[in-house]
1. Note down all Cβ pairs under 6 Å where the first residue falls in the range 267-279 and is open to solvent by less than 30 Å² (accessible area, probe 1.4 Å), the second is part of a helix (DSSP H, G or I), and they're at least six residues apart or on different chains.
2. For the range 116-140, name all the residues that are open to solvent by less than 60 Å² (accessible area, probe 1.4 Å), within 27 Å of Arg292 (Cα to Cα) and touching an Asp or Glu at 6+ places or on another chain (Cβ under 8 Å).
3. Here are Leu176, Leu90, Leu161: which of them is surrounded by 12 or more Cβ atoms within 10 Å (Cβ to Cβ), hydrophobic (A, V, I, L, M, F, W, C), outside any loop (DSSP other than H, G, I, E, B) and out of contact with any Lys or Arg (no Cβ under 9 Å at 6 or more places or on another chain)?
4. Condition check: over 30 Å from His255 (Cβ atoms) and open to solvent by less than 100 Å² (accessible area, probe 1.4 Å). Does Pro95 satisfy that?
5. Within the range 179-204, take every residue that is more than 18 Å from Phe261 (Cα to Cα) and touching a Gly at 6+ places or on another chain (Cβ under 9 Å) and give me the one that is surrounded by the most Cβ atoms within 10 Å (Cβ to Cβ).
6. Looking at the range 83-112, I want the residues that are over 15 Å from Lys344 (Cα atoms) and have a partner that is outside any helix (DSSP H, G or I) with Cβ atoms under 7 Å, at least 6 apart or on another chain. Which pairs are those?
7. Go through the range 283-308 and count every residue that is within 12 Å of the chain's Cα centre (by Cα) and open to solvent by 70 Å² or more (accessible area, probe 1.4 Å).
8. Being without any contact (Cβ under 8 Å) to a residue 60 or more places away in the chain and among the basic types (Lys, Arg) is the filter; apply it to the range 309-344 and report the residue that is least open to solvent (accessible area, probe 1.4 Å).
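The values are calculated or read from the model by the stated rules, or taken from the named source; none is laboratory data. Keep in mind the model is a prediction, meaning the values are calculated, not measured. Here the Cβ positions follow ideal geometry from the backbone for every residue, glycine too, while neighbour counts run over all protein chains shown. Just the protein is used for accessible areas: all its heavy atoms, side chains included, with ligands, DNA and RNA removed. Shrake-Rupley method; radii C 1.70, N 1.55, O 1.52, S 1.80 Å.
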Amino acid sequence: MAGVEAYQAGEKKKKRNMKIKAPEREEGGGESSAKPGEPEESSAAFPASFSLSEIKNKQRRHFMFMKMKQEKRKEKIAMKKKRKKEREALGDKAPPKAVPKTIENQRVYDETTVEAEDEEVAFDEATDEFAPYFNRQTAPKILITTSDRPRGRTVKFTEQLSSIIPNSHVYYRRGLALKKIIPQCIARDFTDLIVLNEDRKIANGLVLSHLPDGPTAHFKMSNVRLRKELKRKGKDPTEHKPEVILNNFTTRLGHSLGRMFASLFPHDPHFVGRQVATFHNQRDYVFFRYHRYLFKSEKKVGIQELGPRFTLKLRSLQKGTFDSKYGEYEWVHKRHEMDTNRRKFHL
């Protein structure tokens, strides 16, 4: 016991004689800027070939990534402020702003692009299948049908689509072939036939056939949203005839498609209803939106989406009415041949 007490006394004496070393300071007398509880960052630069993926620690790798992202953002803001000051100093002598490169403005020129006041295009449009509609000789009358045994979501979408296309009628096929439906539609003076196809209870295709002589377009349908699925949706559409807006249909194929969409809606829209149907083409995808104008003041105008919305991708354009076996196709989308260049568009 005496030996143990002597050992403990010696340890206490050592502790009293110990001196706590002061933390080393950087050159110049500056103190460390790190706060208690925060790790100090090393100022050593990584080699040029270093990649963040080489950091094995996940938390450390995420921290370094966020830090690098923040530094790049600061550099971008600083360069933007610098260019703004230079432009203000130069005044009228400042060079024009650089146009950002996008897929749209780098689009490969298409030989079929329609120029303004093209006589050949004007002659073709005056004699094509849609000329009676644009000459006000016929009024649109649309038949909307579906594939066999449609499910609840497709049925609701069909009803909502018929509510925004005036003078449209919904009939369910019940196993009847399209080749038998088309003669009946022509006999009853229908001008267009719309067929909605579905797969796994989701609408995934649309066939639009102009009667009585065609053409017939087959689309892939995606991103279907019903009215109840839209955010900030307005009240249900009224019975007013909507306006029609066609955006960015620049080629001969795009013109034919735009005229086909326009022929679905009647002439002389009711501007009092403030409703508009928009077909917007971007990178060969046709986005459909249905809005209502909101006049907030004399200078401010807003829009309110009414729905439904969907996206179309053209798969084929066929001459005449629907004929999957002996039909003559004007244009067919061949993915492996036509999608090799991202800047090449057809509509």
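1. Phe279/Phe261
2. Pro140 - this is the single residue of the range 116-140 that is open to solvent by less than 60 Å² (accessible area, probe 1.4 Å), within 27 Å of Arg292 (Cα to Cα) and touching an Asp or Glu at 6+ places or on another chain (Cβ under 8 Å).
3. Working: Leu176 fails: outside any loop (DSSP other than H, G, I, E, B); Leu90 fails: surrounded by 12 or more Cβ atoms within 10 Å (Cβ to Cβ).
Leu161 is the lone residue from the list that is surrounded by 12 or more Cβ atoms within 10 Å (Cβ to Cβ), hydrophobic (A, V, I, L, M, F, W, C), outside any loop (DSSP other than H, G, I, E, B) and out of contact with any Lys or Arg (no Cβ under 9 Å at 6 or more places or on another chain).
4. Values: over 30 Å from His255 (Cβ atoms): yes; open to solvent by less than 100 Å² (accessible area, probe 1.4 Å): yes.
The answer is yes for Pro95.
5. Within the range 179-204, the first condition is being more than 18 Å from Phe261 (Cα to Cα), and the residues that meet it are 179-189, 197-204.
Next, from what is left, pick out any that are touching a Gly at 6+ places or on another chain (Cβ under 9 Å): 197-199, 201.
Working: Asn197: 18, Glu198: 22, Asp199: 10, Lys201: 10.
That would be Glu198.
6. Qualifying pairs under 7 Å: Arg87/Ala94; Val99/Asn105.
7. The first filter runs over the range 283-308 and keeps only residues within 12 Å of the chain's Cα centre (by Cα), leaving 283-289.
After this cut, where a residue has to be open to solvent by 70 Å² or more (accessible area, probe 1.4 Å) as well, the list is 283, 285.
Adding up the residues that qualify gives 2.
8. Initially, the range 309-344 is screened for residues without any contact (Cβ under 8 Å) to a residue 60 or more places away in the chain, giving 324-326, 328-329, 332-340.
Of the ones still in play, those that are also among the basic types (Lys, Arg) are 325, 334-335.
Numbers: Lys325: 145, Lys334: 104, Arg335: 146 Å².
Checking each candidate, the answer is Lys334.
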